[in-house]
Amino acid sequence: MFDLTGKKAIVTGAGQGLGRGMATALHDAGAEVVIIDISEQMKHTAQEIGKSGAPVHTVKGNLLDLESREIAFNKAIEILGGQVDILINSAGIHDRRSCMDLPVENWSRVMEINSTAVYHACKIVGEKMIKQGSGKIINMASMLTFFGGFNATAYAASKGAVAQLTKSLSNEWAGYGIQINAIAPGYMATDMNQDLLTGSNERLPQINSRIPAKRWGTPEDLGGVAVFLSSKAADYVTGVILPVDGGYLCR
Ligand SMILES: NC(=O)c1ccc[n+]([C@@H]2O[C@H](COP(=O)([O-])OP(=O)(O)OC[C@H]3O[C@@H](n4cnc5c(N)ncnc54)[C@H](O)[C@@H]3O)[C@@H](O)[C@H]2O)c1
C-alpha cells in the first residue's frame, strides 16, 4: 500500500533540509526521483541518496525566475520520460525581519518562491497529471500558516497562501484522480532556522517550552508522512493541511 515502485517524482529544494528528507524516503520506497534546486549541494545529496536502488537525478533551476522554472520542470519531466506521479514543492525561503526592516522587494521574493512558484509548478506538472488521470502533490505549509509569528510578515503570508492554494486546487483536480495536500512542519532543525537555533535570542526558550514532544523535528520526521501522502494509501485524502509538529499546534 505504501510501495512507490515504478512511481516518478519531482522534489524541489531537496538539495538539503526537509526536501532531502522527503526525497530520501520516496527513493527508499521505490520511486525514481528528480531534485530541482538552485544549489550545487544537490549533486552530493543525489549521490548519497542514490547509493543504493534507483539513481537520483538533478536539475539546476532558480525557482525565483519564471523562465528558469519552466526550463527546469520541463527538463525534469523529460528525464522522467514524460510521466510524473508525485510532486513535492519543498523549496522555500524565510526573511526574518520586522515589517519596517523588510524592503518590498524582499517581500516579493519570499512570495515568488514560497507561493507563486508553487502555483506555477502545480500548473506545469498538473497538466501531465490531468492527462494521466492520477497524481499526488505535496506542498509545504508551516506553523505560520496558522499563526502570525514574529518578524515573519512575508513568510506567514506566503504560507497562508500555500494552504489556500492547496485547498482550492484540491477541489479543482479531485475529479481527475489527483490528490493535493500540504504538510505543516513544526520547528525543524534545518539551515532555515540556524539563526534561531544558534543565536542567543529570547525566541528559542519560548519555542522549546511549547513543543510537547520536547525536541525539534528533523528531515527524517517528514519521510513517512511524505510516503503516505504519495502512496495509494492516500488515494481518498485531499485538501488536507497535515501538521507534523510534535504537538506544537495543540498546545
Ligand atoms: N525548517 C522548518 O522549521 C520549516 C517549518 C515549516 C515549513 N518549512 C518549509 O519547508 C520547506 C523546506 O524548508 P527547509 O527547512 O528544508 O529549508 P532549507 O533552507 O534547509 O532548504 C531549502 C532548499 O530550497 C532551495 N532553494 C531556495 N531558494 C531556491 C530557489 N530560488 N530556487 C531553487 N531552490 C531554492 C535551497 O537551495 C535549499 O536546498 C520550505 O518551504 C519551508 O518554508 C520549514
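Of all the numbered requirements in (1) touching a residue at least 24 places away in the same chain (Cβ under 8 Å); (2) touching a helix residue (DSSP H, G or I) at 6+ places or on another chain (Cβ under 8 Å); (3) within 16 Å of the ligand (Cβ to nearest atom), Y176 misses one, and that requirement is (3). Which residue is nearest to the ligand (Cβ to nearest atom), if the candidates are limited to the range 34-65 and must be over 17 Å from G92 (Cα atoms) and hydroxyl-bearing (S, T, Y)? Filtering first and then ranking leaves T45.
For the range 205-251, the candidate set comprises residues that are touching a Pro at 6+ places or on another chain (Cβ under 7 Å) and assigned to a loop (DSSP other than H, G, I, E, B); within that set, the residue that is surrounded by the fewest Cβ atoms within 10 Å (Cβ to Cβ) is R251.
Residues considered: S52, S98. Of these, the only one that is under 20 Å from G148 (Cβ atoms) and either surrounded by fewer than 16 Cβ atoms within 10 Å (Cβ to Cβ) or under 20 Å from the mean Cα position of the chain (by Cα) (or both) is S98.
Residue pairs whose Cβ atoms lie under 9 Å apart, separated by 6 or more positions or on different chains, with the first residue in the range 183-203 and more than 6 Å from the ligand (Cβ to nearest atom) and the second modelled with pLDDT under 90 and assigned to a loop (DSSP other than H, G, I, E, B), are D195/N201. Contact map, the range 47-73: first residue more than 22 Å from K7 (Cα to Cα), second residue within 14 Å of the ligand (Cβ to nearest atom) and of a type in the set (S, T, Y), Cβ cut-off under 6 Å, separation 6 or more or different chains; pairs are G61/S68; N62/S68.
Determine if the range 32-44 includes at least one residue that is part of a loop (DSSP other than H, G, I, E, B) and in contact with a helix residue (DSSP H, G or I) (Cβ under 8 Å, 6 or more places away or on another chain). No, the range 32-44 has no match at all. Kindly indicate whether any position in the range 66-89 is over 21 Å from V225 (Cβ atoms), assigned to a loop (DSSP other than H, G, I, E, B) and near the ligand (Cβ under 10 Å from one of its atoms). Looking for residues that are over 21 Å from V225 (Cβ atoms), assigned to a loop (DSSP other than H, G, I, E, B) and near the ligand (Cβ under 10 Å from one of its atoms), one finds none in the range 66-89, hence no.
Filtered by the rule that a residue be free of Cβ contacts under 8 Å to residues at least 60 places away in the same chain and surrounded by 16 or more Cβ atoms within 10 Å (Cβ to Cβ), the range 120-129 gives H120, C122, I124, G126, K128, M129.
All of G148, G135, G81 fail the test of being exposed (fewer than 15 other Cβ atoms within 10 Å of the Cβ), modelled with pLDDT of 95 or more and closer than 22 Å to T5 by Cβ, apart from G81.
Scan the range 20-37 and tell me whether some residue there is surrounded by fewer than 21 Cβ atoms within 10 Å (Cβ to Cβ), under 17 Å from R69 (Cβ atoms), hydrophobic (A, V, I, L, M, F, W, C) and touching a residue at least 24 places away in the same chain (Cβ under 8 Å). No, every residue in the range 20-37 fails to be surrounded by fewer than 21 Cβ atoms within 10 Å (Cβ to Cβ), under 17 Å from R69 (Cβ atoms), hydrophobic (A, V, I, L, M, F, W, C) and touching a residue at least 24 places away in the same chain (Cβ under 8 Å).
On the stretch given as the range 205-230, residues that are in contact with a strand residue (DSSP E or B) (Cβ under 8 Å, 6 or more places away or on another chain) and not charged (D, E, K, R) total 9. I'm checking my understanding of the structure. Among residues of the range 134-173 that are touching a residue at least 12 places away in the same chain (Cβ under 8 Å) and assigned to a loop (DSSP other than H, G, I, E, B), which one is nearest to the ligand (Cβ to nearest atom)? Filtering first and then ranking leaves S142.
The values are calculated or read from the model by the stated rules, or taken from the named source; none is laboratory data. Since this is a predicted model, take the numbers as computed values, not measurements. Cβ atoms come from the backbone with ideal geometry, glycine included; neighbour counts cover every protein chain shown.
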